[in-house]
Amino acid sequence: MKKKVIVIIGLLFLTLLAGCSSNNVKDSTKINYADKEFLSSFKKGLEKRWDLPEIDLTMDIQEQKEEYLKAIDIELNEIKGYSSEKFEDTKLQEKALSYINILKEQRESLDYFTVDEIKFYETWDKISAERSKILVDLVDSYKIEFSEKYKNILDDFKLNAQMAIEDDTKNKEIEDIVNKVEFTKVKEEYGSSYYEAVVENTSSVEFEHFSLEISLIDEEGIIVESTYSNNISNWKPGQKFKFEFVTQTTFAKMEFEPQYFIKE
């Protein structure tokens, strides 16, 4: 009888042990999502960067570059590890990766800082505008709260983001205008070909000046001539204008680049 009891107890013990093992396997396969940790690190990185003193523009240019790098790295180091983490919210993951990449691009743009000032500021301003949009989107979408000491800084980012979005809208509208341009040859005279295109200002802005830089391209894809159309001043939304140009060059196709000033 004792032997039988011992066997039963042993079987119960093995059953319990198997159950525990099963639970352990289940726990070990549980996915640890990084959503909350990223948002916390994102906030921490921003606060660290915002706590840095403003860059002293009287410093040597190489010293200024080092300060810029320090500012970017102090933020990037907090979040760059999340590039390979799993997120439950796929939209958050996309935004996190975009923000990490934009910081890396900001860092790379500093390669121009000591060698080509114009190129640097063109690149830096474009990247900074994109950074502002993603930053504000993350803050607003995930209700990230900052103390009062950072209010003015955050307000500046929100203003920059809004301006960047408005610029994106204007650029898209202007791109749409150019995409609808279709020049037609209207006559040939004394070896010259005359082209016209009637174009409507379908954008929401008034142009103080607007013209087209035209590249004439041969069958091998080589630009054989660059020329300009006539221009219009004070071009209001909804107005149509006849753009014209003349050439004596034989070409296979043409491409356009707008040249304009928007009326303030």
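Here, each number is a calculation from the coordinates, and none is a lab measurement. What you see is a predicted model, and the numbers here were worked out from it, not measured in a lab. Here the Cβ is made from the backbone with ideal geometry for all residues, glycine too, and neighbour counts use every protein chain on show.
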Requested in this report: Might you let me know whether segment 190-197 holds any residue that is free of Cβ contacts under 8 Å to residues at least 40 places away in the same chain and in a loop (DSSP other than H, G, I, E, B)?
Outcome: yes
Report summary line: Output for Cβ contacts, cut-off 6 Å, separation at least six or different chains, first residue without any contact (Cβ under 8 Å) to a residue 60 or more places away in the chain in segment 73-98, second among the small types (Gly, Ala, Ser) and not in a helix (DSSP H, G or I), reads TYR82/ALA34; GLU85/ALA34; PHE87/ALA34
Query raised in the report: Limited to segment 78-98, what total is found for residues that are part of a loop (DSSP other than H, G, I, E, B) and surrounded by fewer than 13 Cβ atoms within 10 Å (Cβ to Cβ)?
Result: 2
Query - Unique residue being free of Cβ contacts under 8 Å to residues at least 24 places away in the same chain, closer than 30 Å to LYS36 by Cβ and assigned to a helix (DSSP H, G or I) when the list is ASP156, ASP137, ASP125 - result: ASP156
Query raised in the report: Does segment 211-226 contain any residue that is under 30 Å from ASP125 (Cβ atoms), assigned to a loop (DSSP other than H, G, I, E, B) and over 27 Å from the mean Cα position of the chain (by Cα)?
Result: no
